[in-house]
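Worksheet: the structure to be examined is printed underneath.
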Amino acid sequence: MIFALWYSLIGMLFTITFISYVLIMIKTKRKASVLQGGHLSSEKRVCKFKQAPGPKPWPIIGNLDILGQFKHNPFEGFGELTKKYGDIYSLTLGHTRCLVVNNLELIREVLNQNGKFFGGRPDFLRYHKLFGGDRNNSLALCDWSQLQTKRRNLARRHCSPRESSSFFTKMSQIGCNEIDNLMHELGRAIVPGESFDIKPLILEASANMFSQYMCSTRFDYDDTEFKQIVRYFDEIFWEINQGYPLDFLPWLLPFYKNHTKKIVHWSTTIRKFILDRVINQRELNIDLDEPDNDFTDALLKSLKEDKNVSRNTIIFMLEDFIGGHSAVGNLVMLALSYIAKNPTIGHRIQNEVDFVSNNGKRKINLYDMDAMPYTMATIFEVLRYSSSPIVPHVATEDSVIAGFGVTSGTIVFINNYILNMSEKNWTSPDQFEPERFLEEKIDSQGKSEKVFEKRRSSQGSDSGIEFEKEATISTTAQESVKINEACNRPNVYQLRKNIPYFLPFSIGKRTCIGQNLVRGFGFILLANIIQSYNINSVDLSTIKIYPACVALPANCYPLTLAPRV
Ligand code: HEM
């Protein structure tokens, strides 16, 4: 009896393995069918393209074993594989076909030239759990659709404020007002010489900036419900930045039951808070004839005016955008961590702060940004060094990249880590050096003399970073400039902009909508904290930063803040 059971179990395993192998091989061998030819339809014909080569997949797991070897940083693994397969190659993760692109030209080909074929997102179970059972509720995790175009348009004016707009002024005022509250809280929390858990306070300040800007509401730092949702948003931000075997092996779901339950609990608690504490009240008082006061007004009006916008759409949109505060809070926490590791960076920011604020006579606001290039360079260096992964794209129809067929449903990984860590692009890329983002200002004859980072490319830029003014490209590049010069002579250096191979916010039609909020609120938080405090750590070894990740775990290390004398 036991033998019969044993044999049937082995037989079942063998059959599953065999079927899995056959299915994987069918997907591996399938060629992409793409319409090619001249402009006239009579000249067009369907051509078949073989997929890019890659390592042989195992049954069931595909090539997950390879990524398993780079658990701490899959993007490093992607880079390693280029040595064997070149800059474009295929992988099979579980049963899913994937394509990895590892240089700027290929990234442009996917996101710019062929963006319309790659507007989808992976169908990971976790994504559905995070957004009320349907990932299409999320702006970042949905597939491209008309609704997404509408949502992006609705968000653009409020969430991508231009420097010349009233939204920018509002952002600056809200940021500065919240800094007063943060400083008060820091004063209460700091015990001289002792480290403390500063991350929740930074996140709460950032959340209040976002909620005031988008909903004209702020919450008390002692409000336990508010504290809890800020924590849950932070857990979700960490979660979204992680990859799990479950994403490619959905049959593992029973083993992740507790984890998915937790995710659902975080997101439903947040949704209830936003309904109870923001939307329900505002919905009662909305006046269609009055101009929009904030993003919530714009959303509620679109609900009344546009039949295609549902209540769910606006609830999830508001949640998504308020949730952006976690990204900013984590970014600032990372900047403070690098400053704790290297206090010289903090001193250089303080030089700028003291110069523009006339030695601390006022707070730093958004209009100081241009006069504080080193501070902005520090934010950019955090973005480069932490290399936030670009959310994977998915091919929505058969297409061709670099002559290789990409079949519909293929997940495309954009390896921006390799761009950020390449010695071809950056000098000493493994060092945290904000100076690399500085260059000397153009002089009266239109010549710029010095840049900190030797320019590696003079190509036109399509960096995902949006700027008001055109980039100033220096002509005579000199490396190794005296760094102190920049910081002791403010107004001499400016931020290098539109660096073609620096794509922290991606490029193409799905670029980050929140990048101006990141730069604005991130700048106000960092500059004003550094204006008042020196940042240290009692034990530097506790500062654990994760490569290719702009998130830090919700339970984070403490830092020491010493008031400046
Ligand atoms: C550290 C800060 C941030 C970084 C590094 C970052 C980076 C990115 C990247 C790389 C993408 C993917 C683009 C693509 O798929 O090609 C993205 C998408 C997105 N980001 Fe951000 N982001 C940040 C903060 C924010 C904030 C604060 C908001 C909003 C308040 C925001 C809103 C979005 C949205 C809505 C999308 C999806 C756009 C779409 O798929 O159509 N992000 N972001």
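Among residues of the stretch 133-156 that are among the hydrophobic types (A, V, I, L, M, F, W, C), those with a beta-carbon under 6 Å from a residue that is outside any helix (DSSP H, G or I) at least six positions away or on a different chain give the pairs A140/V391; L141/R121; W144/G119; A155/I513.
Within the stretch 156-171, which residues are in a helix (DSSP H, G or I), within 13 Å of the ligand (Cβ to nearest atom) and at pLDDT below 90? Matches in the stretch 156-171: R156, H158, C159. Output the number of residues of the stretch 145-155 satisfying the condition of being surrounded by fewer than 20 Cβ atoms within 10 Å (Cβ to Cβ) and either more than 10 Å from the ligand (Cβ to nearest atom) or farther than 13 Å from G514 by Cα (or both). So the count comes out to 7. Residues that are open to solvent by less than 10 Å² (accessible area, probe 1.4 Å) and either basic (K, R) or within 14 Å of the ligand (Cβ to nearest atom) (or both) within the stretch 297-313 comprise just one, L299. When every residue of the stretch 314-334 is checked against the conditions, none turns out to be more than 16 Å from the ligand (Cβ to nearest atom) and under 26 Å from the mean Cα position of the chain (by Cα). Residues in the stretch 238-260 that are open to solvent by 40 Å² or more (accessible area, probe 1.4 Å) and either closer than 22 Å to L139 by Cα or of a type in the set (D, E) (or both): W238, I240, Q242, G243, Y244. Just wondering, is there one or more residues in the stretch 126-140 that are open to solvent by less than 30 Å² (accessible area, probe 1.4 Å) and assigned to a strand (DSSP E or B)? Checked against the condition, which is being open to solvent by less than 30 Å² (accessible area, probe 1.4 Å) and assigned to a strand (DSSP E or B), the stretch 126-140 yields no hits at all. Filtering the stretch 218-231 to residues that are open to solvent by 30 Å² or more (accessible area, probe 1.4 Å) and under 25 Å from the mean Cα position of the chain (by Cα) leaves R218, K227, Q228, R231. Residues in the stretch 208-219 that are in a helix (DSSP H, G or I) and in contact with a Lys or Arg (Cβ under 9 Å, 6 or more places away or on another chain): N208, M209, S211, Q212, Y213, C215.
From the list V353, V412, V382, the lone residue that is in contact with a strand residue (DSSP E or B) (Cβ under 6 Å, 6 or more places away or on another chain), surrounded by 23 or more Cβ atoms within 10 Å (Cβ to Cβ) and in contact (Cβ under 8 Å) with a residue 24 or more places away in the chain is V412. Exactly one residue out of I345, I364 is open to solvent by less than 10 Å² (accessible area, probe 1.4 Å), part of a helix (DSSP H, G or I) and of a type in the set (A, V, I, L, M), and it is I345. Of everything in the stretch 263-283 that is charged (D, E, K, R) and more than 23 Å from the chain's Cα centre (by Cα), the residue that is nearest to H128 (Cα to Cα) is K272.
The residue of the stretch 539-565 that is farthest from M209 (Cα to Cα), among those that are crowded, with 19+ Cβ neighbours inside 10 Å and of a type in the set (A, V, I, L, M), is A548.
Whether any residue in the stretch 103-117 is within 23 Å of G62 (Cβ to Cβ) and in contact with a helix residue (DSSP H, G or I) (Cβ under 8 Å, 6 or more places away or on another chain) is what I want to check. No, every residue in the stretch 103-117 fails to be within 23 Å of G62 (Cβ to Cβ) and in contact with a helix residue (DSSP H, G or I) (Cβ under 8 Å, 6 or more places away or on another chain). For the condition away from the ligand (no atom under 16 Å from the Cβ), open to solvent by 10 Å² or more (accessible area, probe 1.4 Å) and at pLDDT 90 or above, N536 qualifies.
Those residues that are open to solvent by 50 Å² or more (accessible area, probe 1.4 Å) and of a type in the set (F, W, Y), I need them from the stretch 26-64; list them, please. Of everything in the stretch 26-64, just one residue is open to solvent by 50 Å² or more (accessible area, probe 1.4 Å) and of a type in the set (F, W, Y), namely W58.
Condition test on S388, is it part of a helix (DSSP H, G or I), among the small types (G, A, S) and surrounded by 19 or more Cβ atoms within 10 Å (Cβ to Cβ)?
So S388 fails the test.
So, I174, is that one more than 13 Å from the ligand (Cβ to nearest atom), among the aliphatic types (A, V, I, L, M) and over 30 Å from P392 (Cβ atoms) or not? Yes. The set of residues in the stretch 83-113 that are surrounded by 16 or more Cβ atoms within 10 Å (Cβ to Cβ) and more than 30 Å from T17 (Cβ to Cβ) comprises D87, V101, N102, N103, L104, L106, I107, R108, E109, V110, L111. Among the residues that make up the stretch 323-341, is at least one of them open to solvent by 10 Å² or more (accessible area, probe 1.4 Å) and closer than 19 Å to L154 by Cβ? Within the stretch 323-341 (the criterion being open to solvent by 10 Å² or more (accessible area, probe 1.4 Å) and closer than 19 Å to L154 by Cβ), the answer is yes, since at least one residue qualifies. Looking only at residues of the stretch 193-216 that are open to solvent by 10 Å² or more (accessible area, probe 1.4 Å) and among the small types (G, A, S), we find that the one that is farthest from the ligand (Cβ to nearest atom) is G193.
The values are calculated or read from the model by the stated rules, or taken from the named source; none is laboratory data. Owing to the predicted nature of the structure, the values given are computational and were not obtained by experimental measurement. FYI the Cβ positions are ideal-geometry reconstructions off the backbone, even for glycines, and counts take in every protein chain you see. For accessibility, only protein heavy atoms count, side chains too; no ligands or nucleic acids. Shrake-Rupley method; radii C 1.70, N 1.55, O 1.52, S 1.80 Å.
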